[in-house]
1. From the set of residues in segment 138-149 that are under 14 Å from the mean Cα position of the chain (by Cα) and not in a loop (DSSP other than H, G, I, E, B), which is surrounded by the most Cβ atoms within 10 Å (Cβ to Cβ)?
2. Under the condition of being at pLDDT below 95 and surrounded by 15 or more Cβ atoms within 10 Å (Cβ to Cβ), which residue from segment 41-67 is nearest to the chain's Cα centre (by Cα)?
3. So if I check each of 163, 135, which one is crowded, with 17+ Cβ neighbours inside 10 Å and either part of a helix (DSSP H, G or I) or in the same structural domain as residue 36 (by TED's automatic domain parsing) (or both)?
4. Can you tell me which residues in segment 37-55 are in contact with a helix residue (DSSP H, G or I) (Cβ under 7 Å, 6 or more places away or on another chain), within 19 Å of residue 138 (Cβ to Cβ) and assigned to a helix (DSSP H, G or I)?
5. Return yes or no: is residue 72 touching a strand residue (DSSP E or B) at 6+ places or on another chain (Cβ under 8 Å), assigned to a loop (DSSP other than H, G, I, E, B) and either outside the structural domain of residue 174 (by TED's automatic domain parsing) or crowded, with 18+ Cβ neighbours inside 10 Å (or both)?
6. So which residues in segment 75-109 are over 21 Å from the mean Cα position of the chain (by Cα), over 19 Å from residue 11 (Cβ atoms) and part of a helix (DSSP H, G or I)?
7. Failed condition for residue 30, given (1) assigned to a helix (DSSP H, G or I); (2) at pLDDT below 95, with all others met?
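The values are calculated or read from the model by the stated rules, or taken from the named source; none is laboratory data. Remember, predicted model here, so these are calculated numbers, not experimental data. Virtual Cβ from ideal backbone geometry, glycine too; neighbours counted across all protein chains shown.
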């Protein structure tokens with residue numbers, strides 16, 4: 001008997017390659033590791049406002065240049081940021097096709113009006129039954145409200161949902177809402193997690 005009815009994936013770092021973020025690390029002379037950067041990014045008030053649909057793109061870009069003390073102009077940052085998403089990790093489409101036979105698949109992603117068209121262009125939504133998108137929901141991970149809204153729309157008990165994200169803070173927040181959640185990065189870790197949870 002299966003443990004879950006729905007599998008929810010974060011997108012960037014889990015299903016999609018977002019290695020374009022390395023530009024910011026380079027501009028900052030690698031002052032922090034990638035996990036340390038993501039923690040700062042998640043906690044940025046400008047990021048949270050933009051990804052919850054409460055700030056326009058131009059204001060966000062200028063705020064980030066200032067906040068992270070980036071030695072680049074507006075156009076340079078915007079061009080880099082718009083190309084963060086590099087595509088779908090190898091093996092992911094086949095994995096999702098296999099899962100769709102037995103599970104409803106959803107995504108829960110912090111994203112925005114600049115990145116979402118790039119996400120759509122990858123084709124990843126061809127295998128996702130229900131996308132949950134922060135700037136459309138007016139909430140961002142790791143706030144409890146976004147998980148609660150997702151659960152309400154899915155209309156399934158929290159314990160029947162498996163959630164996979166590449167940021168531990170988002171995983172911990174999901175667990176606090178009663179969701180079974182794990183941190184993974186990239187295809188191999190995703191696959192290993194799914195095997196351990198008995199869904200593959």
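1. For segment 138-149, the residue satisfying everything is 147.
2. Ranking the candidates gives 42 first.
3. 135
4. 42, 46, 47, 50, 51
5. So residue 72 does not fit the description; no.
6. 75, 76
7. Every condition holds for residue 30 apart from (1).
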